[in-house]
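Engineer: Got a structure for you, questions after.
What follows draws every value from the coordinates through simple rules; no lab data is involved. Nothing here was measured: the structure is a model prediction, and the numbers come from that model. As a convention, Cβ positions derive from the backbone with ideal geometry for all residues, glycine included, and neighbour counts pool all protein chains shown.
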Amino acid sequence: MDEMICVGSIGGAFGVNGEVRLKSYCAEPSDIADYAPLSTEDGARTFSVTLTRPITNGFAARLGGVATKEQADALKGVRLYVARDRLPDLPDDEYYHSDLIGLTVLDTGGTVLGKVKAVLNHGADDLLEVMGPGLKQSILLPFTLAVVPTVDLESGRIIADPPEGLL
């Protein structure tokens with residue numbers, strides 16, 4: 001199966017007529033509808049998507065095969081995926097989060113800091129959650145050019161210059 005990329009998730013029912021709350025993880029949030037049909041992680045279900053209106057933190061949407069509030073509520077928390085080859089190619093300095101997860105992070109001296117466990121975004125810049133040897137807990141590394149000057153997908157590594165006091 002093609003590599004699948006998570007492009008959104010269902011936040012539950014919106015209203016009583018079968019609409020769902022749809023959270024988009026796309027750079028341009030409304031593009032999520034352009035990638036339909038979207039599938040569940042296991043590929044067992046696929047959905048056509050019609051965005052009906054913007055709402056707080058996402059969209060109200062109609063999904064194919066979902067006609068009632070109960071059906072919409074049953075999908076709460078379901079993550080929606082699309083085959084990677086259906087997504088656009090990115091410029092050289094942009095990356096899909098799934099490309100970064102698992103990469104080895106080294107400091108500018110070549111010392112291994114750990115591996116990228118997750119890519120987070122809490123409203124500002126992305127943060128790389130790095131977990132590794134010698135770390136009692138994961139660290140959050142700002143994913144900016146100043147802190148992460150090099151991402152080498154081919155060799156599976158990131159070179160980072162962590163801010164003073166982070167480690």
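Engineer: Each residue of the stretch 50-61 in order: what ³J(HN,Hα) in whole Hz does its phi give by Karplus 6.51 cos²θ - 1.76 cosθ + 1.60, θ = phi - 60°, with x for Gly and Pro?
Structural biologist: 10, 6, 9, 5, x, 9, 4, 6, x, 9, 7, 8
Engineer: Could you go through the stretch 100-114 in sequence order and give the Karplus-derived ³J(HN,Hα) for each residue, using 6.51 cos²θ - 1.76 cosθ + 1.60 with θ = phi - 60°, rounded to whole Hz, and x for Gly and Pro?
Structural biologist: 8, 5, x, 5, 7, 10, 10, 7, 5, x, x, 7, 6, 8, x
Engineer: Lysine pairs in the chain with alpha-carbon atoms under 30 Å apart, 8 or more places apart or on different chains: how many are there?
Structural biologist: Values: K23/K69; K23/K76; K23/K115; K23/K117; K76/K117; K115/K136; K117/K136.
Pairs that pass both the separation and distance tests number 7.
Engineer: At a temperature of 37 °C and a viscosity of 0.692 mPa s, determine how fast the chain diffuses translationally according to Stokes-Einstein, using the Kirkwood radius over alpha-carbon pairs as Rh; express D in µm²/s, rounded to the nearest whole number. The partial results should precede the final answer.
Structural biologist: Values: Rh = 17.6 Å.
Diffusion coefficient, whole number: 187 µm²/s.
Engineer: Tell me, how many Å apart are the Cα centres for the stretch 40-75 and for the stretch 102-153?
Structural biologist: So the separation of the two Cα centres works out to 33 Å.
Engineer: Also, I was wondering about something else. Please list, in order along the stretch 80-97, the HN-Hα scalar couplings obtained from phi with the Karplus expression 6.51 cos²θ - 1.76 cosθ + 1.60 (θ = phi - 60°), rounded to whole Hz, x for Gly and Pro.
Structural biologist: For the stretch 80-97, the Karplus-derived couplings read 10, 10, 9, 5, 4, 5, 8, 8, x, 5, 9, x, 4, 9, 10, 9, 6, 3 Hz, x marking Gly and Pro.
Engineer: Under 5 Å between amide H atoms, partner at least 5 residues away or on a different chain: which partners does G11 have, H built in plane at 1.01 Å?
Structural biologist: Under 5 Å from the amide H of G11: R21, L22, K23, G77.
Engineer: What order do you get for 22-29, 53-60 when each peptide is scored by the mean count of other beta carbon atoms within 10 Å, highest first?
Structural biologist: Working: 22-29: 16.6, 53-60: 14.0.
Final packing ranking: 22-29, 53-60.
Engineer: Also, quick follow-up: Arrange the peptides 131-139, 85-93, 151-159 so that the one whose residues have, on average, the most other Cβ atoms within 10 Å appears first.
Structural biologist: Ranked from most to least packed, the peptides come out as 151-159, 131-139, 85-93.
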